[in-house]
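This report refers to the structure that appears directly beneath it.
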Amino acid sequence: MQKAADAAALAGASAKLYGGNYVAAGKNDSKANGFTDGTNGITVAINNPPTKLPFSTAPDAGNYVEAIVSQAQPTFFMRVGGFNSVNVAATAVASSAVSAPGCIYVMDPNAAGAYTATGGSQIHANCGMQIDSTNPNAFNDNNNACTQTTYTGVVGGIQSSPSCDTTPTTGISGFSDPLAGLAAPTVGQIPQSCTPQNGHINSGSVVTLSPATFCGGIQINGATVTFQPGTYILYGGGFSANATSVLNGAGVTFYNTGTKNGQYGFQPVTINGVSNSSLSAPTSGTYNGILFFEDRTIAKNGNINNTINGGSGTTFDGTLYFLTSNLNYVGNSSANGYTIIIADTLSLAGTSYFGDNFTSLPGGIGPVHTSVLVE
């Protein structure tokens, strides 16, 4: 019964991560462990928040899922006192707000070279990597590339992995979008919500931008741009910055969306070699920890190819979320920061460092969560 309660609590907490039905998930896992709600006097209760102290009154009570599995059991010696049965119960509590051990998630289920590092790339991650592709050549380090993580797991196989790599584990279970439960930013009516701010900034300019809906996106050509904290909606046109540009912004999220074609046609994020720049995600609110967020509804068509290439002195702290497209990445977290990548396919070149210091975020918890038993 205790195993059933443990499984139910974990399943319920995991379902909350993905915006699923935590009650159904909990009861299904209890059933899989031999205790089906409503049969043979069995009751399975899945509660969020929990009914039990201290979790019921915790400030983050909504992050906990409690499972209580109970069943009337016949008595023996107690029958002398008129007690023919007694209710026996097992309780477990799981949290859905614990930082996941991974920071690199490659989501394409079929691609060869879904993860590719080339040209002497040196990848150092203080966290794990998971690759969802079932392809026998899903992981590919070549041309003296080296990928070192705390753990590398691949659903499929390995095309090339030199001895300097953290040895990939193949045949892991498939997984789903770790940010599936995060709602996309709301886009107002177009063109009424378009900002009058000019998102096309020419060489030599020094500009400060404020959060708004940039219809036609943001294109920076050799300018110095400071972004005020908040969410920037890129409605068509994407985001581009060339190597002579300087970008700085703390507490910012860029949501890249648009139409499939036409005046506001979707375009990728292309940041090429910017130096002495710093972009970091919000440390509070709905999008804490999210730096770039690509519209999930943009159909994958092989033409969406994002590039984020940080030059000397440039850091990116936050989550780079490109669920349906490829990301070419070279970059580093700040000394006490973090970087998470979620991409359909991922190509790395050069030297990149992925930190995992989430102390700047609420509760010190990263934006990608996992579920763990706490009682």
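The values are calculated or read from the model by the stated rules, or taken from the named source; none is laboratory data. Remember, predicted model here, so these are calculated numbers, not experimental data. We place every Cβ from the backbone using ideal geometry, glycine too, and count neighbours over all the protein chains shown.
Observations
- Residue within region 147-168 that is closer than 24 Å to residue 348 by Cβ, modelled with pLDDT of 95 or more, assigned to a loop (DSSP other than H, G, I, E, B) and not β-branched (Val, Ile, Thr) present: yes
- Qualifying residue in region 133-145 (condition: within 19 Å of the chain's Cα centre (by Cα), small (Gly, Ala, Ser) and surrounded by 15 or more Cβ atoms within 10 Å (Cβ to Cβ)): yes
- Region 310-322: number of residues that are within 16 Å of the chain's Cα centre (by Cα) and modelled with pLDDT under 95: 0
- Verdict on residue 61 being within 29 Å of residue 340 (Cα to Cα), without any contact (Cβ under 8 Å) to a residue 60 or more places away in the chain, among the aliphatic types (A, V, I, L, M) and surrounded by fewer than 21 Cβ atoms within 10 Å (Cβ to Cβ): yes
- Matching residues, region 1-33, being at pLDDT below 95 and assigned to a loop (DSSP other than H, G, I, E, B): 1, 18, 19, 20, 21
- Taken over region 54-79, the criterion of being more than 28 Å from residue 182 (Cα to Cα) and in a loop (DSSP other than H, G, I, E, B) is satisfied by 75, 76.
- Residue check for residue 128: at positive phi and touching a residue at least 24 places away in the same chain (Cβ under 8 Å): no
- Qualifying position, being closer than 30 Å to residue 11 by Cβ and small (Gly, Ala, Ser), among 99, 121: 99
- Whichever residue in region 236-265 is among the β-branched types (Val, Ile, Thr) and in contact (Cβ under 8 Å) with a residue 24 or more places away in the chain and, among such residues, is surrounded by the fewest Cβ atoms within 10 Å (Cβ to Cβ): 244
- Selection status of residue 96, crowded, with 24+ Cβ neighbours inside 10 Å, part of a loop (DSSP other than H, G, I, E, B) and within 21 Å of the chain's Cα centre (by Cα): no
- Hey, residue 51 more than 23 Å from the chain's Cα centre (by Cα), without any contact (Cβ under 8 Å) to a residue 12 or more places away in the chain and in a loop (DSSP other than H, G, I, E, B) or not: no
- Annotation: of all residues in region 220-232 being buried (at least 20 other Cβ atoms within 10 Å of the Cβ) and under 17 Å from residue 319 (Cβ atoms), the one that is farthest from the chain's Cα centre (by Cα) is 227.
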